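Below: one structure, written as structure tokens.
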Amino acid sequence: GILCQGHGDLPCGVCHSCKKVLSDLHTDVRFFDITKVDQVREIKQNLYDAPNESDYKIYIFNDAQKMNIKAQNALLISLEEPPKNVVFFLLTTDAGMLLETIRSRAQILRTEPLDNDTVFDYLKNEMSVALSDSKLEQIVMASAGSLGYAISLTDAKKSELLLSERQRALDITLAVIKNDAESIPTLLSASSMQREDLKSLLTLCVTVIGDLLLLKKDKGARLHFFTSRDEALERAQKYNTVKLLGCYDALLTAISDLNMNSNTALTLMSILTNSKKKGN
């Protein structure tokens with residue numbers, strides 16, 4: 001580790017320096033949430049100051065993809081010729097949003113998604129999030145192994161929106177499978193949604209059917225939507241594979257139509273029409 005006082009390649013987690021970093025008390029480790037150029041300029045004013053207690057200063061930019069173009073360009077100069085005692089970390093979930101000139105000057109370190117149990121345990125025991133286990137499990141599933149994203153989803157408003165969207169996706173998916181749109185008000189109201197919101201919702205619907213199809217082949221398959229395997233298995237057993245594949249294809253076609261600027265209401269109609277044709 002860069003600041004670790006141990007002798008291994010990885011931080012030991014127990015030395016004085018590691019403990020201060022883990023406790024967010026190390027004066028040479030700073031986190032930033034940057035979006036605008038003025039914020040970058042403010043950081044650069046103290047960039048050449050000497051470290052306080054270590055050989056290096058660590059600058060960590062959270063959600064680096066949120067920096068606008070001017071901010072990224074302002075940071076680029078410092079990335080090209082950084083002070084010898086400064087190390088930058090740009091954390092991002094979408095490197096494609098960063099300028100190519102920044103990506104070409106950075107060493108890319110990809111992290112593996114955490115397993116669901118680890119994320120759940122951290123939220124429940126380390127952060128003591130005041131949500132039911134059922135709600136936490138849905139947040140963990142939606143995070144796809146990203147602890148930072150999972151933490152952000154524990155916000156009261158975000159968690160409420162997330163749970164509502166997941167329930168809506170399940171309702172719409174079941175309505176499509178049953179060819180029973182008229183009995184599902186949420187499906188009818190989706191016609192008034194913005195295109196990007198509808199694409200996101202339909203993508204989640206694809207994930208629902210994907211889980212059901214996976215369980216048709218392997219009852220122990222890793223799930224990507226359902227938090228209860230028993231519930232997912234029960235639903236998977238109700239529908240034949242041909243029907244599920246037809247609905248899956250219909251949803252993918254609808255998403256493709258939306259990408260080509262199709263009317264959202266017509267897209268919903270095409271889902272039902274195509275699912276009937278391909279699933280029966």
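The values are calculated or read from the model by the stated rules, or taken from the named source; none is laboratory data. From a predicted model like this one, the values you see are computed outputs, not experimental measurements. So basically every Cβ, Gly included, is an ideal-geometry build from the backbone, and we count neighbours across all protein chains shown. Each accessible area value is taken on the protein alone, full model and side chains, heavy atoms only, with ligands, DNA and RNA left out. Shrake-Rupley method; radii C 1.70, N 1.55, O 1.52, S 1.80 Å.
Here the condition is being buried (at least 18 other Cβ atoms within 10 Å of the Cβ), modelled with pLDDT of 85 or more and among the basic types (Lys, Arg); of ARG235, ARG222, it holds for ARG235 alone. For first residues located in region 61-75 and closer than 14 Å to PHE31 by Cβ and in contact (Cβ under 8 Å) with a residue 60 or more places away in the chain, partners that are open to solvent by 10 Å² or more (accessible area, probe 1.4 Å) and part of a loop (DSSP other than H, G, I, E, B) and lie 6+ apart or on another chain with Cβ distances below 8 Å form the pairs ASN62/LEU91. One residue stands out in region 238-280 among those that are closer than 14 Å to ILE177 by Cα and outside any helix (DSSP H, G or I): the one that is modelled with the lowest pLDDT, namely ASN280.
Rundown of residues vs (1) in contact (Cβ under 8 Å) with a residue 40 or more places away in the chain; (2) open to solvent by 40 Å² or more (accessible area, probe 1.4 Å), yes/no style:
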| residue | (1), (2) |
| --- | --- |
| ILE2 | yes, yes |
| CYS12 | no, yes |
| LEU98 | no, no |
| ARG110 | no, yes |
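With respect to being open to solvent by 30 Å² or more (accessible area, probe 1.4 Å), free of Cβ contacts under 8 Å to residues at least 24 places away in the same chain and assigned to a helix (DSSP H, G or I), VAL21 fits the description.
Within region 157-170, the set of residues being out of contact with any Phe, Trp or Tyr (no Cβ under 9 Å at 6 or more places or on another chain) and at pLDDT 90 or above comprises LYS157, LYS158, SER159, GLU160, LEU161, LEU162, LEU163, SER164, GLU165, GLN167.
Scanning region 60-79 for residues that are outside any helix (DSSP H, G or I) and surrounded by fewer than 20 Cβ atoms within 10 Å (Cβ to Cβ), we see that the one that is nearest to the chain's Cα centre (by Cα) is ASP63.
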